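Inspection log for the structure reproduced underneath, given as structure tokens.
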Amino acid sequence: MSCPYSSASILTNGDNAQKGEVLGAETGMLYGDYLMLEKIINAQRMQSAESNRPVHDEHLFIITHQAYELWFKQIIFEVDSIRDLFNVYAVDESRTLEILKRLNRIAIILKLLVDHIPILETMTPLDFMDFRDYLSPASGFQSLQFRLMENKLGVKQENRVKYNQRYQDVFGGDSNAVDLIIKSETEPSLCDLVQKWLERTPGLEEDGFNFWQKFQKNVNDLLNEDENKAKALTDEFLRNYRLMDVNKRRDVYHTIFNQDAHEALVSRGERKFSYKAMQGAIMITLYRDEPRFSQPHQVLTCLMDIDSFMTKWRYSHVMMVQRMIGSQQLGTGGSSGYQYLRSTLSDRYKVFLDLFNLSTFLIPRQNIPPLTDEMIDQLYTHRKSS
Ligand code: HEM
């Protein structure tokens, strides 16, 4: 079997030009041509060398950033394709596996990106100092693909740390970059589309299974039962403690059962999902053992993995920055450096924050509303819900 980028065709032009030409003609293309290695391999311009003071570690610095940018490109490619799969009135369930596969791929790439950091950390702060001045004002802050990736996943402008808000300043005269950023902010993000999908979760229909009403009743029954048990305790300290706990849980549940309370959290950036999407996510989490909810549940898990790895990357990057330039120096991009980056570690940057917090609202298995025959029928026959 002939493959353009494997076995015999892995001959560089220099190895055996004649044989290479013959193989090239047979397979259509050589390894180096197919991958355009001429461009990639020759794209490392060391500023220190150009200034006649070559610094060994600048090579690693450039390669690491380029590797990142290539992976960012792949992630954007995957996110765009997943957004297309989600961006329909009713997601064809036969595509859920494909969505899942691609989301999982993104998570694994992001994990790899976190692991790039220790490689760069083999460079010492003194080594970095040897060439840092040549970089200014270049900064990862100007990575267009990083911003596009964040926006397409669903990081919202209003949740960003202030310094980060004026792309026009950051990308200067690059109108193409600004246009792409604006487009990525206005198009539905992955998070927006996931919410639309969750809102259509079968079983939420008020004139059907009406999961939300049943769930709310069972939660209230559970809380009332716990309250009665607490009231019956003879030990005053324990009784007060248990009653306080029940009241606290009531308050927490109030934020999902009362739409105004939910919206208030959304407006403060403490919750991101729509009221209905929250209901879908809770339902999928509770009934994840049902065949039709098993893949959607894995989708939710993958989305959390993606957020987790993004957060881990931010954290590892901040640690590296502190190690390289300390916490008082400005960044080459003009920010307060470490201080600015540390402020981006907050939950405001977690796109799927609500999925992490779902565990707050789970109830014991025996209190989950039992499925009706109709609902079982719907879940087992894959009948279209919309
Ligand atoms: C020696 C290694 C590094 C140092 C000292 C460093 C330093 C910094 C600093 C100080 C900032 C804040 C913006 C500014 O420049 O004022 C920043 C932002 C950033 N850097 Fe790095 N960086 C390093 C490596 C990397 C690598 C390998 C990447 C991979 C692409 C990267 C990507 C970014 C991104 C995307 C931002 C913007 C983050 C945000 O605004 O949320 N950096 N970096």
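The values are calculated or read from the model by the stated rules, or taken from the named source; none is laboratory data. Predicted model only: the values in this text are computed from it and were never measured. No Cβ is skipped: glycine too gets one built from the backbone with ideal geometry, and neighbour counts run over all protein chains shown. Areas reflect the complete protein model, heavy atoms only, side chains present, ligands, DNA and RNA absent. Shrake-Rupley method; radii C 1.70, N 1.55, O 1.52, S 1.80 Å.
Computed from label points 7 Å out along Cα-Cβ, the spacing between Asp33 and Leu238 is 8.2 nm. Length available on full extension from Asn176 to Lys248: 0.36 nm per residue minus the Cα-Cα distance, which gives 20.8 nm.
Can you give the helix-only mean residue ellipticity at 222 nm for the chain, where every DSSP H stretch with n ≥ 4 adds -39500 (n - 2.57) and the sum goes over all residues, rounded to the nearest 500 deg cm²/dmol?
Values: 19 runs with 243 residues, N = 386.
Counting only the DSSP helices, I get -20000 deg cm²/dmol.
Solvent-accessible surface of the chain, averaged per residue with a 1.4 angstrom probe and all protein chains in place: 55 square angstrom. Largest first, the extents of the alpha carbon coordinates of the chain on the three principal axes equal 84, 57, 40 Å.
Work out how much length Ser336 to Arg105 would gain on full extension: take 0.36 nm times their residue separation and subtract the Cα-Cα distance, in nm to one decimal.
Working: separation 231, 0.36 × 231 = 83.16 nm, distance 3.38 nm.
Additional length available on full extension: 79.8 nm.
Quick one: net charge of Gln47's neighbours, Cβ under 15 Å, K/R +1, D/E -1? Net charge in that neighbourhood comes out at -3.
How much FRET efficiency would the formula 1/(1 + (r/R0)^6) give for Ser143 and His56, where r is the Cβ-Cβ distance and R0 is 25 Å, rounded to 0.05? Could the numbers behind the result be given before it?
Values: r = 24 Å, r/R0 = 0.97.
For R0 = 25 Å, the calculated efficiency reads 0.55.
Over 17 Å, how big is the tail of the calculated P(r) for segment 60-130, in percent of all Cα pairs? Roughly 54 percent, rounded to a whole number. Across all Cα pairs in segment 118-211, the calculated P(r) in 5 Å bins from zero up to the longest distance comes to 2, 10, 15, 15, 11, 11, 12, 8, 5, 4, 3, 2, 1, 0 percent per bin.
If R0 is taken as 41 Å, the Cβ-Cβ distance between Asp169 and Lys214 corresponds to a FRET efficiency of 0.20. An ellipsoid equivalent to segment 23-109, defined through the eigenvalues of its Cα gyration tensor, has semi-axes of 37, 21, 9 Å when rounded to whole angstrom and sorted largest first. Extension gain for Glu98 to Ile368 (0.36 nm times residue separation, less C-alpha to C-alpha distance): 94.2 nm. Within the chain, the longest run free of exposed loop sites, counting trypsin sites (Lys or Arg not before Pro) that sit outside DSSP helix and strand states (H, G, I, E, B) and have at most 12 other Cβ atoms within 10 Å, spans 46-165.
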